[in-house]
Each structure stands twice: as C-alpha cells, then as structure tokens.
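Input: a single structure, listed below in structure tokens.
Taken together, the values in this text are just the output of simple stated rules run on the coordinates, not laboratory data. Quick caveat, the model's predicted, so the values are computed rather than measured. No Cβ is skipped: glycine too gets one built from the backbone with ideal geometry, and neighbour counts run over all protein chains shown.
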Amino acid sequence: MKAVNVGRFMSRLALCCCFAGCMQAASASEVNSLCQLPDGGNISGEVKLDRKCTYNQAVSISISNTKLDCDGATLDGLGKLKDGVSISSQGRQLRNVSVSNCNVKNFSNNGVAVRSGVPDFKRSGDRDHNYDISPSGVVLSHLHIENSGGVGVYLYSYVSNVTLRESVVERSRGVGVYLEQSSRENKLINNIIKNNGEMAGPKSGQREGVAVDSSAKNLIEGNSFIGNSAGGIFLYKNCGENFSKGMAVLRWQPSNENAVRNNKFVGESVGVWIASRQGRDLSHRDCGDPSLDGGGKFYRDYADHNIVEDNKFCGGGEGVRVDGNFNVVRNNKSDVKNKDWVVQSQNMTTRLTGVPAEGNVVEENQYEACK
C-alpha cells in the first residue's frame, strides 16, 4: 500500500474547507446585500418582505391605507436602532394601516410605536382634534417582538382603535405593552405577554406586562401573561411625573371603563391591579397633581368602572387588587386555596381622606386548579 503524506493531505483538505467556507460567506454576504427594505424602510401601499431575510433596518409608516406583510422576515435593530416599526401620523389623519407576520427584535427603544408625532406641549386644547390627527384603525397581528430596550408595543397619546392580536411580546426591558394617556378603545386580543419589565434587575423599578396609564374603554381579552416582573396588568392615572422639569403631562382621563376578560395569568405577583398607584409613596416621581398629604408623597389615583371577569390566575401572588371605585370583579378562577386572592386594601388614600373605596362588586370568584 502506498504511504499517504498526512501533512500534505491535511493541507489540501484545509484549503478545500477554506474555499467552501469562503463560498458560503460570499453567498451569505450576497443574501444580506439583497435584504434591504424598499425606500429605505419608508413603507406605503401594499408591501411584502422576503421571509428569508433579516433586515438591519427600521420601518416607518406615515401614509394611510398601508399594508406591510413581513411574511416571517426579521427586523433586527442590533441594539442600536431606536424603534423597529414606527407608525406616525405626523400631525394629520392616519387610518387603515396593518402590519403582520414580522419578527421584531433588539431595538433600543420600542419594538413597535404608534404615535401622532405631535409633542405633548404642542397639543391643541381641542381633544377631538387631537384624536383626529392621531393614528386610528391600525391592526398589528402575528408579530413576535422581543428584547426591546424600552417598551415592546407603545400606543402613544390619543391613539385609538388599535388592535394587537395573536402576537408575542417578550423580554422588553420596560413595559410589554403601554397604553399612554388619552388613548382609548384599543384591543389586545389573544397575545402572549411574558418576561417583560426587568429594567435593571431587582429593586430597579420593575414594570408590568401591560400598563393602562390614563387610557379608557380598552378591551384586553384572551391573552396569556407569564412571569412579568411587576405583574400582569396595572391600571392607573399617572400623577404628572417630572413636573418641576417642565416634562409633565397632567392627565385628564382616568383609566375607566376598561374590560379585562378571559385572560390567563401565570406566575404574576399581582395579576390585575386597579388604581395601582393609589396610596403609594410617589415622592420620587416629582408629580404635578395636588398631593393628598401636602408633602408630595401620596396622590389620588383614578381607575373606576372597569370590569375584570372570567380570568384564570395560576401560581402567582394576588389575583386582583382593587383600589379604585365602582369596579366589577366577577367569575374569576384561581388556584389559591387558603387566602383571599381578590384584595380590597385599606390604602393611604383611604387613611388620609377617611373615605373608603366605594361601589366595587366582587362576586362569584372561585378556586379552580390550574392544568
């Protein structure tokens, strides 16, 4: 048998492997060069992306009657780009927009943002006008939004009639889905909202899966909330934070008339907290509202006439905490046996004013094992 020069054989093999690797790298480079969003990411009309592509770009939509179908493609901000998908009316009407089938990850601010583009300090005193020039009739569906540096999905001031459905929002540093002041009539349907709100770790101001901040008449139905850092859904009226810095927006709309139905909460320290800032020490928030104690610590919160029904609470702490008025908590189920999991607390607002919460209806909430 003829002897084989192993060194020469290995050298040739390495050369072949290097050539194959170079060809593969060249092929990948060629694919990446083709993965460019049309018009630099300014999307209008009907656009369908290449499902094989990862786009290291952001999408901007500012024209009505726009439909973006990512078809499974990925938008990756690499931790550098701010918003993955920005839907902005830019101070005029924006209607009939849909975004679907997108993977949106690693954007430093928001995964998806829906906004008017008008700064709050330039808002009209005519609220109907503010709604008219803000996005409405937007559908976000079958999205996977992960690892946002701020908020996963942010619906800004005066945004209305936006639907987020059948999507996953996970591992946002801040809130998973934020419904900002004066927004209304939005819908969160059949989503998975999990592992959001870690901020900078324990005791760093962790946030909830969904924040309803001075936002009204929304429907939150059929969602799963799993392991969000502060809890599942918090409803409250912000006290006008950062007032002394000139950055406060004094809220006029309470978080009223929201419906939370048929959701499942797994491993949440608080599933649903109605009037979550009632009686809490907010001295660090620099609030513009008048304080109850005269010392800038305690403020009245407003989240009334909401309904929480037919939800399931599994393996967490409190199911529902009620600190507002005239709310209905009905026909919910929890796997907690030996303690009350619907809590109506004696908070600092009650202690300072001497007026307890009133008109809340808590009925037909029962134990049921989780499967």
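Taking other Cβ atoms within 10 Å as a rough exposure proxy, 252, 341 sort from fewest to most as 252, 341. Shape of the stretch 193-245 from the C-alpha gyration tensor: oblate (a/c of 1.5 or more and a/b not above b/c, with a ≥ b ≥ c the square roots of its eigenvalues).
Residue by residue, the stretch 242-257 carries 3J(HN,Hα) couplings of 6, 5, 5, 8, x, 10, 6, 10, 6, 6, 10, 9, x, 8, 10, 6 Hz when phi is fed to the Karplus relation 6.51 cos²θ - 1.76 cosθ + 1.60 (θ = phi - 60°); x denotes Gly or Pro. Positive-end ranking of 156, 81, 35 along the dipole of the chain, with charges on Cβ about the Cα centre, is headed by 35. Annotation: aspartates and glutamates with alpha-carbon distance below 18 angstrom to residue 245 (same-chain offsets under eight excluded): 120, 286, 289. For residue 333, the lysines whose Cα falls under 18 Å of its own Cα, not counting residues fewer than eight places away in the same chain, are 264, 312, 371.
Centroid-to-centroid, using Cα positions, the stretch 219-247 and the stretch 273-302 are 15 Å apart.
With no solvent and one point per C-alpha, what does the Debye sum give as log10 I(q)/I(0) for the stretch 43-367 at q = 0.09, 0.13, 0.15 Å⁻¹? Here log10 of I(q) over I(0) equals -0.45, -0.94, -1.23. Taking amide H as placed 1.01 Å from N in the peptide plane, the amide H of residue 104 sits under 5 Å from that of 75, 144, 145, 146, each at least 5 places away or on another chain. Counting neighbouring Cβ atoms within 10 Å and putting the fewest first, the residues 144, 284 line up as 284, 144. Taking the inverse of the mean 1/r over every pair of distinct Cα atoms in the stretch 59-99 gives a Kirkwood hydrodynamic radius of 11.4 Å. Across the stretch 172-177, coupling constants 3J(HN,Hα) worked out from phi with the 6.51/-1.76/1.60 Karplus curve, θ = phi - 60°, read 6, 5, x, 5, x, 10 Hz, and Gly and Pro carry x. The amide H of residue 273, built 1.01 Å from its N in the peptide plane, has 233, 234, 235, 321 as neighbours under 5 Å, considering only residues 5 or more places off or on other chains. Give me the angle, in degrees from 0 to 90, between the Cα long axis of helix 6-34 and the longest principal axis of the Cα atoms of the chain, rounded to the nearest 10. The angle comes out at about 50 degrees.
Of interest is the spacing of the C-alpha centroids, which for the stretch 305-363 and the stretch 124-180 amounts to 27 Å. Using Cα pairs closer than 8 Å and at least 6 residues apart in sequence, work out the relative contact order for the chain, in percent. It rounds to 8 percent for the chain. Taking Cα centre as origin and charging only the Cβ of basic (Lys, Arg, +1) and acidic (Asp, Glu, -1) residues, the dipole magnitude of the chain rounds to 1160 debye.
Among 43, 87, 226, the residue with the largest mean-square fluctuation in a Gaussian network model of the chain, with springs joining Cα atoms closer than 10 Å, is 43.
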